[in-house]
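**Student:** Pasting a structure here, questions to come.
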Amino acid sequence: MTDHVPIITVDGPSGAGKGTICQLMANRLGFHYLDSGALYRLLVLAARRHTVDLRNVESLVVLAAHMDIYFNMNSEFESQVILEGEDISALIRGEDIGADASTIAAHIEVRAALLSRQRVFAKSPGLVADGRDMGTIVFPDADAKIFLTANPEIRAKRRHKQLMDKGKDVSLASLIEQVKERDERDMTRKSSPMVPAHDAVIIDSSHMSINGVLELGLDVAKKNGIHSQ
Ligand code: DC
């Protein structure tokens, strides 16, 4: 008999605040953190570096199964992503990689190849899993499920602020367009579309503080038997 590993899934569109909330929750609970979007982004970067065409699904599947990746939490509890020994955390955050990740994520074969690479994160003392299909496909038996959303304009504004803070001047109107395009692609794909699990608690973060969302998330976890240390 194996010990039960508690799992909290947090799904939802880009910019809803999943990454921040999941890392804070994992930190508070002392759990592992899975950034599943980073796996799709990593696959895009690995394909670019190995000159694999993003339309070549067969080669993407091989790369997905074999790419040499490693996730690490640094001392500030930020997730670091290592590809072939190099810290590429910042490199995979670009809008272009996000859009390509969303495109390759539509292939059922690519999703299947990444499935086992996501499930290995379910280790004691527990896992907070961040993505689009964590509660529906990857961890359907998760203890607590959250679907975190926010309206597209607010999500684009948050992203705009992040980019401006980094000295990158991008038009807000084009970001709103990109956010809507990515939502549309992620929600309408045939394979594992982004939808709330039937047993997920829906949280709209549009007008909430990070702390407010965190407390609500921990409350959902608690109601499902998962307690902060
Ligand atoms: O969460 P993110 O923005 O880093 O994800 C990038 C893209 O990867 C997203 O637009 C769709 C895809 N993705 C997915 O299909 N399933 C997941 N569980 C996570 C991400």
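The values are calculated or read from the model by the stated rules, or taken from the named source; none is laboratory data. Everything quoted here is computed from the prediction, not taken from an experiment. Positions of Cβ are backbone-derived with ideal geometry, glycine not excepted, and every protein chain shown enters the neighbour counts. Quick note on the areas: whole protein, heavy atoms, side chains included, nothing else; ligands and nucleic acids left out. Shrake-Rupley method; radii C 1.70, N 1.55, O 1.52, S 1.80 Å.
**Student:** Can you run phi through the Karplus equation (6.51, -1.76, 1.60; θ = phi - 60°) for the stretch 111-118 and list ³J(HN,Hα) in whole Hz, with x for Gly and Pro?
**Tutor:** Each residue of the stretch 111-118 in turn: 4, 5, 5, 8, 4, 5, 6, 7 Hz.
**Student:** Ignoring ligands, DNA and RNA, what accessible area per residue does the stretch 98-223 give at 1.4 Å, in Å²?
**Tutor:** Each residue of the stretch 98-223 exposes 50 Å² on average to a 1.4 Å probe.
**Student:** Rounded, prolate or oblate: which fits the chain, taking a ≥ b ≥ c as square roots of the Cα gyration tensor eigenvalues, rounded meaning a/c under 1.5, else prolate when a/b beats b/c?
**Tutor:** Note, shape of the chain comes out rounded.
**Student:** Which FRET efficiency value, to the nearest 0.05, do you get for ALA112 and ASN211 by plugging their Cβ-Cβ distance into 1/(1 + (r/R0)^6) with R0 = 35 Å?
**Tutor:** It comes to 0.40.
**Student:** So, one more: Using θ = phi - 60° and the Karplus curve 6.51 cos²θ - 1.76 cosθ + 1.60, what whole-Hz ³J(HN,Hα) does each residue of the stretch 157-173 get, with Gly and Pro shown as x?
**Tutor:** After applying 6.51 cos²θ - 1.76 cosθ + 1.60, I find 5, 4, 5, 4, 4, 4, 5, 4, 4, 8, x, 9, 9, 10, 6, 5, 4 Hz.
**Student:** Would you grab the residues whose amide H sits under 5 Å from the one on ILE146? Only those 5+ places off in sequence or on another chain, please, with H modelled 1.01 Å from N.
**Tutor:** THR9, VAL10, ASP11, VAL201
**Student:** Given +1 on the Cβ of Lys and Arg, -1 on the Cβ of Asp and Glu, and no further charges, what dipole in debye does the chain carry about its Cα centre, rounded to the nearest 20? Write down the numbers at each step before the final one.
**Tutor:** Details: 27 positive and 31 negative charges, 42 e Å.
Result for the chain is approximately 200 debye, rounded to the nearest 20.
**Student:** Grab the Cα-Cα distance for THR20 and ASP199, subtract it from 0.36 nm times how many residues apart they are, and report the gain in nm with one decimal.
**Tutor:** Difference between extended and current length: 62.2 nm.
**Student:** Shifting gears a bit: Work out, step by step, the length gained on full extension between ALA65 and LYS222: first 0.36 nm times the residue separation, then minus their alpha carbon distance; give nm to one decimal.
**Tutor:** Gain on extension, ALA65 to LYS222, equals 53.0 nm.
**Student:** Just from its helices, what would the mean residue ellipticity at 222 nm be for the chain, if runs of 4 or more DSSP H residues each count -39500 (n - 2.57) and the sum is divided by every residue, rounded to the nearest 500 deg cm²/dmol? Mind dumping the intermediate values first?
**Tutor:** Details: 8 runs with 103 residues, N = 229.
After summing the helix terms and dividing by the residues of the chain, the value is -14000 deg cm²/dmol.
**Student:** Roughly how many percent of the accessible protein surface of the chain is carbon and sulfur, given a 1.4 Å probe and a whole-percent answer?
**Tutor:** Here carbon and sulfur together make up 54 percent of the probe-accessible area.
**Student:** Next question, about the same structure. Hey, quick one: spin label on ASN151, modelled 7 Å out along Cα-Cβ, who in the stretch 195-219 has an amide N within reach, i.e. under 16 Å?
**Tutor:** Within reach of a label on ASN151: 204-209.
**Student:** Excluding residues fewer than 8 places away in the same chain, name every one of the lysines whose C-alpha is closer than 25 Å to that of LYS180.
**Tutor:** By straight Cα distance, LYS180 reaches LYS18, LYS145, LYS157, LYS161, LYS166, LYS168, LYS190.
**Student:** Relative contact order (percent) for the chain, with alpha-carbon contacts under 8 angstrom and 6 or more residues of separation?
**Tutor:** Result for the chain is 33 percent.
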